[in-house]
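Readers should treat all values here as calculations from the given coordinates under stated rules, not as data from a laboratory. Treat the numbers as computed from the prediction; the structure is a model and nothing was measured. So basically every Cβ, Gly included, is an ideal-geometry build from the backbone, and we count neighbours across all protein chains shown.
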Amino acid sequence: MTVYLIRASNTERHKIGQSNDPDQRLKDLQKASPVSLGMVGYSITFSEEFWQWLFSNKQAHGEWFDLSEADVALFSAMENIDVLWMHTSRTGREIARAMAEALLDYADSSDS
């Protein structure tokens, strides 16, 4: 299963979900949506439950969350860590450092 982040256009509303075929899931959601939807990104390493827990204070309804640009940037940074984890020979320490840097950047941007 792949975790996906979908955005409702012209809003901060994002859906965090999981699917074996996220692109098909986007098409299915679009059929029932009054607004245009777009795929923001994917996460393989971190679970749907992790992302929903992390952003639980921003939950709007069900699996929909009102996420800031900093929140989306964190999702993207963690997606890059997925790539490091899955497709390189980086050590665990290097990956942990990248993850810590992404979280610190997120904390700094959330404070402002």
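About its Cα centre, the dipole of segment 1-79 is roughly 240 debye, where the only charges are +1 on Lys and Arg Cβ and -1 on Asp and Glu Cβ. For a straight C-alpha distance cut-off of 19 angstrom, the aspartates and glutamates reachable from Lys31 (same-chain residues fewer than eight places away being disregarded) are Asp21, Asp23, Glu63.
Add +1 for every Lys or Arg and -1 for every Asp or Glu among the other residues with Cβ under 13 Å from the Cβ of Val35, and state the total. My count for the surroundings of Val35 gives +3. The calculated FRET efficiency for Asn57 paired with Lys31, based on their beta-carbon distance and R0 = 41 Å, is about 0.85. Computed extension length for Glu101-Ala77: 7.7 nm, one decimal, from 0.36 nm per residue of separation with the Cα-Cα distance subtracted.
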